[in-house]
Each structure stands twice: as C-alpha cells, then as structure tokens.
Amino acid sequence: MVTAMKNLKVVKFGGSSLADAGQFKKAADIILSHPSRRFVIASAPGKRYAEDEKVTDMLYNCYNKAAGGGSFSEDFKAIEERFKEIIKGLNLSVNLDAEFKSIKDAFAHRAGRDYAASRGEYLNGIILADYLGFNFIDPAGYIRFNESGVFDLEKTIELLRPKLEEVENAVIPGFYGAMPNDTIRTFSRGGSDITGSIVARAAKADVYENWTDVSGFLICDPRIIENPKPIRTITYRELRELAYMGATVLHEDAIFPVRAAGIPINIKNTNAPEDRGTMIVAESDEVSKYVITGIAGKKGFCVIHIEKDMMNNEVGFGRNVLRALEKSDLNFEHMPSGIDTMSVIVNKECIKGKEKAVLDEIRFRVKPDSIEIEEDLALIAVVGRGMIKTRGTAGRIFSALAHARVNVKMIDQGSSELNVIVGVSEDDFDTAVKAVYDIFVLTQE
C-alpha cells in the first residue's frame, strides 16, 4: 500500500487541454511539476481550433452511421488519425491498433451510444498514462451505476478507494463508468468534471484541480462584458445559483461528491498555469472587493400572469395552479406572488404548443379573474454571499436598471438572501447585465 501524501491533488484536464500533442505537453508539465498531483482525469480530445470537431461528437456521428447500418469506415478512420497524430507528436511507441479494432467491431455490433461516446476518454487516457509513465485505471471497473442507471457513490467509493491506495500515480478516463451488468454508462456531457470529483472523494484529496481553457469563473459572461473581473473565491451555494442560470465552466453536479467531504475545487487554466484561478469552497470568510460574486442569466422564458381577488384566502390556490402545470408535464422556474396576483415562470420551449391547454386547466381549477401569457422573458441572477450583510443591494440593482431605462418585469429574492433574480425583456437582457455589472464592479474600481 502506498504511503499517504500531504496535499494530495486530483487533477482533471478538459478536452481543450488535451486536444493535441502540444496541449498534452502543457498538461504533463503541470502534472509533473509537483508530486502531489497523483491522480489525473483525462477528457477526450476537444477542438484544436474554432472550426474543429470534438472527438466525442465524431464518435457519436460515427456510431449513428454504424447503428443505422451504413458505412462508417471513413468516419472511424478520421477518429483513428486524431489519436495517431497525438501519439506521433509526443514521440510515443504506444500502439492502439488493437483498441481501434475492438471499438470498430463493437460499433458494428451496436454496443450503444454510451459506449461509443466513452471511447474518446478511454483512448486519451491510455495515451496520457503512457506519456506520464503512470498506471492506467479503467473506470468501468470502479465507477458504478445502479440498475436504474443512477450513479452509485457508495458502491463506487467502496471499489475505487482500495484501488487508488494500491498505486502511486494513475490516469483515470473521465465521463463514464458501468452498470451492474458491466455495460458502459456515461454521465451527461461535461461529465469528466464529475469523475474528477468522485476520484477526489475516493482518494481523500486535499484539493481537486480542474484544468480548463479559462482562468476560473468570471463575474459575468465575457460575451456581454469585455474582460470581466475574475472570481477569486466562490462557495458551493453561490456556484449552484450561477450554474442554474447558465454559468458553465464546471458541470454543476461535480460539486456533490466533494462538497460532503469538504474538498475544495480549484478551477485553473492549462494555458496560464500561473494564474490563481477560482477556488470553490464550502464556506468562505474571505472579504470580496465587490458586494456581489457573480451575474448570470438566460433568455427563453415566459410568464403566466394570474389575477384573482382574495386569492390569499383561498386554501390550495397555489397547489392547484401547479397541478395544472403538472398535467401538461411542465416544471416551473419561479413563482413570485402578491396578495391578489401570482406569476408562474416556465421555459418557453417546454410550454410551446401547450399554451391553450395550460391556461384552460388553470381556469378550470382556480377560476381566475384574468390570466395571460407574456413571452420573451429573460432572467438575470445577481448572486453573492456579501449581499446578506449589505444594505440596499436590491435598491442598487433596480436603480441601475432604471438609469439604463430597463423595465423590470419580475423580481424574486431567495429566502437565503444569497441572490436576487430579475425578469426583463429579452431585448433588454444585455443592457441589464451591463448596468448591474457597472454599478457593482466598475464603480468599485
């Protein structure tokens, strides 16, 4: 059994960080720069340039042709070439021909989309392990899903922890595990983040480093704000709020395995390893320069406005409204209400084609005085643990929006006071985000 090491780190490298031989070399330099980086999670090769195709997408397309009975040899050859190009660029002698033949045969016999998608991580993991001189651990033997296809953390820790204790270093492909019958099962896209979190939990790591192509989280979307300020430290709760509203640097489910164990996540940039990145922690006493931690938002919502005199005295009113949504298989996003009004916000795509049925059902159940649907709503979440201790935060948000001539259509503040969600017209979305960023960030510079 290998002796435990202080400051043990599990490190995950995303697809852009392992897209070609040049990126492999950067990743290897980072890994080998400190012996604490013992366990490495490998993603499939990502895009090498803007118009390039991710290997996972190539695998999906190739498998779809195979499953449809069409010829897929040329598509598979292109996948082979991607990996052979990496091997050649690293001057390695590892030969994957047997692996390619096995995968091609499995495609021909319709092994499943999950199997197909997982092979990018699998093959890249073999190459990275060979390049580093590390052990290779196939997660199919250790990361387990139950009969229903739900990830089984307890069983996974039971299997994986002893294996990690046996080895000094290892590369573990991300994104997949196996069902009880040993068929391959993948997480959702971006699931290598989850694998890294699971391995960090099993290894009892001190830190989980997630290496990608950005230097951590930014306060705001750089497509809206030019060069937004970075977030130095963010709590798990803040991250969940921002991820829900569209912040996508890290897979939102990746926090759960490490959160319970109190293991922090450090988002780092493979192309700028000296940057501090963002630390994701359970709790933080660090005083931020800004009241807010981040701003995130999404378009594509609509709001059902319901009015009825004395609705607050009508027991079960809200429940009956939600039952009307349930009958059409709809979830609600938010439900702010007043004494005689209720607004139910739903995803615009989900309600498309069901509008009349939903409104008729609500009319039948609660007999409103008036009801209407307003489309083209965008939601903006302003999130920050500093907001709890700061007076007038909501007032500053609405003042900034009013100054920018943005009409606020909805306001919803969480009970934790960790976030304020504002609804605006989709046409005002960018203007609103800039106004909030200006008042909380630029005015503090």
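Quick check on the stretch 279-335: take the gyration tensor over C-alpha atoms, sort the square-rooted eigenvalues as a ≥ b ≥ c, and tell me if it's rounded (a/c under 1.5), prolate or oblate. Here the stretch 279-335 falls in the prolate category. What stretch of the chain, leaving out the sites themselves, is the longest with no trypsin sites (Lys or Arg not before Pro) in a DSSP loop having at most 12 other Cβ atoms within 10 Å? My reading of the result: 7-188 is the longest stretch. Here, the stretch 1-86 yields an orientationally averaged convex hull projection of 7.8 nm² when only Cα atoms define the hull.
On the beta carbon distance between residue 189 and residue 313, with R0 = 45 Å, the FRET formula returns roughly 0.45. Relative contact order of the stretch 1-110, taken over Cα pairs closer than 8 Å and 6 or more residues apart, is 24 percent. Spin-label model, residue 411/residue 168: points 7 Å from Cα along the beta carbon direction are separated by 6.2 nm.
In this label model, residue 299 and residue 253 are separated by 2.9 nm, measuring between points 7 Å along each Cα→Cβ vector. Residue pairs exceeding 30 angstrom between C-alpha atoms, taken from 348/434; 88/229; 54/101; 268/298: 88/229.
In the full protein context, the stretch 272-410 carries 55 Å² of accessible surface per residue, based on a 1.4 Å probe and ignoring ligands, DNA and RNA. Using only Cα atoms, find the angle between the long axis of helix 429-440 and the longest principal axis of the chain, and express it within 0 to 90 degrees, rounded to the nearest 10. Compared with the principal axis, the helix lies near 90 degrees. In the full protein context, the stretch 166-206 carries 33 Å² of accessible surface per residue, based on a 1.4 Å probe and ignoring ligands, DNA and RNA.
For the stretch 304-401, the spread of Cα positions along the three principal axes, ordered from largest to smallest, is 44, 33, 21 Å. Computed on the Cα trace of the stretch 363-445, the radius of gyration divided by the Kirkwood hydrodynamic radius gives Rg/Rh = 1.07.
Surface composition of the stretch 1-156: carbon and sulfur make up 47 percent of the accessible area, probe 1.4 Å.
Normalised by 2.2 N^0.38 Å, where N is the number of residues, the C-alpha radius of gyration of the stretch 125-212 stands at 1.04. Subtracting the Cα-Cα distance of residue 360 and residue 426 from 0.36 nm times their residue separation leaves 21.1 nm of extension gain. What FRET efficiency, computed as 1/(1 + (r/R0)^6) with R0 = 41 Å and r the Cβ-Cβ distance, is obtained for residue 93 and residue 271, rounded to the nearest 0.05? The pair residue 93/residue 271 has a calculated efficiency of 0.90.
The label point for residue 404 and the one for residue 113, both projected 7 Å from the Cα toward the Cβ, are 3.8 nm apart. Per-residue ellipticity at 222 nm, computed for the chain from helices alone with -39500 (n - 2.57) per DSSP H run of at least four residues, works out to -11500 deg cm²/dmol. For the stretch 39-147, the alpha carbon convex hull comes to 124 Å³ per residue, rounded to a whole number. Summarising the overall dimensions of the stretch 132-181 from its C-alpha atoms, the Rg and Dmax are 11.4, 37 angstrom. For the chain, take the longest principal axis of its alpha carbons; what is the angle in degrees between that and the long axis of helix 317-327, to the nearest 10 within 0 to 90? Result, in degrees: 40. Measuring only protein heavy atoms, the 1.4 Å probe finds residue 291 accessible over about 30 Å². I'd like the orientation of helix 55-67 relative to the chain: the angle between its Cα long axis and the longest Cα principal axis, in ° from 0 to 90, rounded to 10. Once rounded, one gets 80 degrees.
Could you tell me what percent of the accessible area of the stretch 177-255 is made up of carbon and sulfur, with a 1.4 Å probe and every protein chain present? Here carbon and sulfur together make up 44 percent of the probe-accessible area. Among 68, 112, 262, the residue with the largest mean-square fluctuation in a Gaussian network model of the chain, with springs joining Cα atoms closer than 10 Å, is 68. With every protein chain in place and a 1.4 angstrom probe, the accessible-area ranking of 93, 16, largest first, reads 93, 16. Here the chain carries DSSP beta bridges of which approximately 60% are antiparallel, counting only pairs with both residues inside.
The values are calculated or read from the model by the stated rules, or taken from the named source; none is laboratory data. Since the structure is predicted, the reported quantities are computational estimates derived from the model, not experimental observations. Reconstructed Cβ throughout: ideal geometry from the backbone, glycine too, with neighbour counts over all protein chains shown. Note: areas computed on protein heavy atoms with side chains; ligands, DNA, RNA excluded. Shrake-Rupley method; radii C 1.70, N 1.55, O 1.52, S 1.80 Å.
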